[in-house]
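To start, the structure under review is shown below, and the notes come after it.
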Amino acid sequence: MKTEIALMSEKQLDMHALEKAGRILRQGGLVAFPTETVYGLGGNALDPAASEKIYAAKGRPSDNPLIIHIADMENLRKIVLRVPPKAENLADRYWPGPLTMIFDKAACVPYETTGGLDSVAVRMPSNRIALELIRQAGGYVAAPSANTSGRPSPTLASHVAEDLSERIDMIIDGGMTDIGLESTIVDFTENSPVILRPGYLNQQMLEKVIGAVRIDPGLSSVDSKVRPKAPGMRYRHYAPRGELAIVEGSVEKVVDRINELTRRRLKEGAGVGIICTDETLGSYPVGKVKSIGTRTNEESIALHLYQVLREFDEEEVDYIYSESFHTPRMGQAIMNRLLKAAGHEIIET
Ligand code: AMP
Ligand code: MG
């Protein structure tokens, strides 16, 4: 299959290409598109065959449910049984935006889309290209991240092409995503709301609107019996080709330890990558050093995390040492993704 690439920006939508993309989706095809979080791989969410195609193109386990993307609030009520008032409040405040909410599903949502669950995840993205595409497609687009299962989520259209070229009908290239990490997921199917996946919107930001929100204990548990509720959070999403370890401690100690480990590995003849920030870029004299952003702007760290991991895969380093990024607002989300990539390999200094 030839994959068509359509280039546009949020400021200048290419309506002709979007109409075509909408037609592809209505006819059961697959289109990758930018959102403010990461690129999504879209298919018609109410068409079981389209959902199956998404799983096949990504090589995604079929018990890992998809998020349905909508562009208009009226459409929410058609795919869920009920919307609790707190969910309504969060939608008022944060939709369109990087928030996914989980509800009991209506009968029209196929089990192929929900991975066999009676609940359904829904999000209204803020990216204008995504919103227009969803409308052109008929209102309901199932879209997981547009990467091969087991690779970092794509923040650029070129990442999507690397993984999915020839396997999908179209890629809409809308430039780099804004946030670079997947949406925050809040579950509304239990008595009180629970965060199943941390993201740009953190616990405090949600609690300001609706009061107490719990965090799924499965997210931080090392006990394999306490599993995360979101099926996707149970997988080791992505393992870099090089062995990744996160070094924790004060800045000076972390820098010293990474330099010491790097020298030792280089002496053994191995290739070594280092993930740091602009503040410490000059403190690592050896190894392949990459800054993922600056600690004065934590958004920059979130935005470049997946890209840097992809770059190290291409450069085929054997070991990667990363500083840790417990930044004030998004630290929980950033460290959640990094720890998963590292298989929870932490070096304490
Ligand atoms: P992705 O689309 O790649 O961002 O992955 C979607 C995430 O949402 C995965 O972690 C899924 O397991 C999670 N998810 C989707 N639907 C549900 C649901 N009904 N219940 C719990 N988690 C869900
Ligand atoms: Mg994903």
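To test your reading of the geometry: what angle, between 0 and 90 degrees and rounded to tens, separates the Cα axis of helix 15-26 from the longest principal axis of the chain? Tilt relative to the chain: about 80 degrees. The length gained on full extension between Tyr235 and Asp318, counted as 0.36 nm times the residue separation minus their Cα-Cα distance, comes to 27.6 nm. Computed from label points 7 Å out along Cα-Cβ, the spacing between Tyr111 and Ser250 is 5.8 nm.
Which entries in Lys53/Lys105; Lys11/Lys58; Lys20/Lys78; Lys229/Lys340; Lys208/Lys229 show an alpha-carbon gap greater than 19 Å? Pairs exceeding the cut-off: Lys53/Lys105; Lys11/Lys58; Lys20/Lys78; Lys208/Lys229. Counted by Cβ distance under 12 Å from Ile70, the other residues give a net charge of +2, where Lys and Arg count +1 and Asp and Glu count -1. Note on the chain: GNM, Cα springs under 10 Å; of Val83, Val317, Val226, the largest mean-square fluctuation is that of Val226. Of all DSSP bridge pairs formed entirely within the range 201-328, close to 5 percent run antiparallel.
Ligands, DNA and RNA are left out, and with a 1.4 angstrom probe the accessible area of the chain is 42 Å² per residue.
Helical content alone sets the calculated 222 nm signal of the chain at -10000 deg cm²/dmol, taking -39,500 (n - 2.57) per DSSP H segment of four or more residues and averaging over every residue. Pair-distance distribution P(r) for the range 169-253, from all Cα-Cα distances in 5 Å bins starting at 0: 3, 11, 15, 17, 18, 16, 12, 8, 2, 0 percent. The stretch between Gln12 and Thr294, if pulled fully straight at 0.36 nm per residue, gains 98.5 nm over its current Cα-Cα span. The phi torsions of the range 335-343, fed into the Karplus equation with coefficients 6.51, -1.76 and 1.60 and a -60° offset, translate into couplings of 5, 4, 6, 5, 5, 5, 5, 8, x Hz, rounded to whole numbers, with Gly and Pro shown as x.
Mean-square fluctuations from a GNM of the chain, with a 10 angstrom spring cutoff on Cα atoms, peak among Ala57, Ala17, Ala137 at Ala17. For Val80, nonlocal amide neighbours, meaning residues 5 or more places apart or on other chains whose placed amide H falls under 5 Å from its own, are Ala106. Rg and Dmax of the chain, based on Cα coordinates, read 20.2, 62 Å. Seen from Val80, the other residues with C-beta closer than 10 Å to its C-beta sum to a net charge of +3, counting Lys and Arg as +1 and Asp and Glu as -1. Between the range 305-349 and the range 184-233, how far is it from one alpha carbon centroid to the other, in angstrom? Each part reduced to its Cα centre gives a spacing of 21 Å.
Let me have the relative contact order for the range 112-252, percent, based on Cα pairs under 8 Å that are six or more residues apart.
16 percent
Proximity of backbone amide H atoms, modeled 1.01 Å from N, is registered between Gly42 and Val31, Ala32, Phe33 at under 5 Å, excluding neighbours fewer than 5 places apart on the same chain. Nonpolar atom fraction for the chain, defined as the carbon and sulfur part of the 1.4 Å probe accessible area, stands at 49 percent. Electrostatic bookkeeping for Arg151 treats Lys and Arg as +1 and Asp and Glu as -1; over the other residues with beta carbon under 9 Å from its beta carbon, the sum is -2.
Spin-label model, Glu190 to Ile5: label points 7 Å out along the Cα-to-beta-carbon direction sit 4.4 nm apart. The distance between label points at Lys78 and Arg214 comes to 3.5 nm (points 7 Å beyond Cα on the Cα→Cβ vector).
Explain nothing, just the number: relative contact order of the range 238-307, from Cα pairs under 8 Å at least 6 residues apart, as a whole percent. For the range 238-307, the relative contact order is 21 percent.
Just checking the listed ones, Asn127, Asn297, Asn89: in the Gaussian network model of the chain with Cα springs under 10 Å, the one fluctuating most is Asn297.
The values are calculated or read from the model by the stated rules, or taken from the named source; none is laboratory data. Everything numeric in this text was worked out from a predicted model, so none of it was measured. Glycine also receives a Cβ, built like all others from the backbone with ideal geometry; neighbour counts cover every protein chain displayed. Just so you know, the surface numbers come from the protein's heavy atoms only, side chains and all, with ligands and any DNA or RNA stripped out. Shrake-Rupley method; radii C 1.70, N 1.55, O 1.52, S 1.80 Å.
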